[in-house]
Amino acid sequence: MTFFHVLVKFKSAPDKARCVFSDLSRKDLESKFLKPYRAGRSTLSGAEVIETGNIAWTQIMETERGTAEELKDIQAKSWKDIEEFNRNSSVVLISAGHGYDAEDIVDAGNDVTSQFITSPPGEGSSVIIKIMNHQWVIAVIGGLIVAGLAAWLRWA
């Protein structure tokens, strides 16, 4: 089974990526993130409301294992790199390494963003849906419905 992880940068903090969804199945990725993203609607990540219109950058990572397992491997590799650096250097590096934040999942998976996202938030709907949701189309159709009801009820 593969797992999907969604990282975003918000317009209010464009330098900091945040992992807003992790360990999603393909079906969950579609329902929890991609549908709201394409429609420009907000979505819920835990207890936090994610306004897709505030997203400046998105990355979708795919891994073969869940976040906990992948991060353990990243931590182990990080420790190994630090130990090797300390053995081969006259300077001692003191660090916990990385692999402790959900955002570190980018070091474990494959970037599959382009397979799922091809447009900014709210611009992924079909042309027909965009036209049907336009305020003028809604007003005209609403007017026609009211006129049809009035004629049917012989109000006019």
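The values are calculated or read from the model by the stated rules, or taken from the named source; none is laboratory data. Only a predicted model underlies this, so the values are computations on that prediction, with no experimental measurement involved. Counting neighbours? That spans all protein chains shown, and the Cβs are built from the backbone with ideal geometry, glycine included. Accessible surface is based on the protein model in full, side chains and every heavy atom, while ligands, DNA and RNA are left aside. Shrake-Rupley method; radii C 1.70, N 1.55, O 1.52, S 1.80 Å.
Enumerate the pairs (first residue in the stretch 78-96 and of a type in the set (A, V, I, L, M, F, W, C); second residue anywhere and outside any helix (DSSP H, G or I) and surrounded by 11 or more Cβ atoms within 10 Å (Cβ to Cβ)) with beta-carbon separation below 8 Å, excluding pairs fewer than 6 apart on the same chain, so at least 6 apart or on different chains.
Taking only residues 6 or more apart or on different chains, the pairs are Trp79/Gly97; Ile82/Leu93; Ile82/Ser95; Ile82/Gly97; Phe85/Leu93.
Tell me the strands (runs of 3 or more DSSP E) entirely within the stretch 1-50 that contain at least 1 residues that are open to solvent by 70 Å² or more (accessible area, probe 1.4 Å) and in contact with a strand residue (DSSP E or B) (Cβ under 8 Å, 6 or more places away or on another chain).
Values: elements: 3-10, 13-24, 43-45, 48-50.
Counting at least 1 such residues, we get 13-24, 43-45, 48-50.
Each row is one residue, and each column tells you yes or no for (1) at pLDDT below 95; (2) of a type in the set (Lys, Arg).
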site: Val6; (1), (2): no, no
site: Lys16; (1), (2): yes, yes
site: Ser25; (1), (2): no, no
site: Gly46; (1), (2): yes, no
site: Ile50; (1), (2): yes, no
site: Gly53; (1), (2): yes, no
site: Ala56; (1), (2): yes, no
site: Glu62; (1), (2): no, no
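Within the bounds of the stretch 54-73, is there any residue that is farther than 17 Å from Ile105 by Cβ and either open to solvent by 20 Å² or more (accessible area, probe 1.4 Å) or of a type in the set (Ser, Thr, Tyr) (or both)?
Residues of the stretch 54-73 that are farther than 17 Å from Ile105 by Cβ, as a first pass: 54-56.
Narrowing further to those that are either open to solvent by 20 Å² or more (accessible area, probe 1.4 Å) or of a type in the set (Ser, Thr, Tyr) (or both): 54, 56.
Yes: the stretch 54-73 contains one or more residues that are farther than 17 Å from Ile105 by Cβ and either open to solvent by 20 Å² or more (accessible area, probe 1.4 Å) or of a type in the set (Ser, Thr, Tyr) (or both).
Mind checking which residues of the stretch 90-122 are out of contact with any strand residue (DSSP E or B) (no Cβ under 9 Å at 6 or more places or on another chain) and within 15 Å of Ala68 (Cβ to Cβ)?
Result: Gly99, Tyr100, Asp107.
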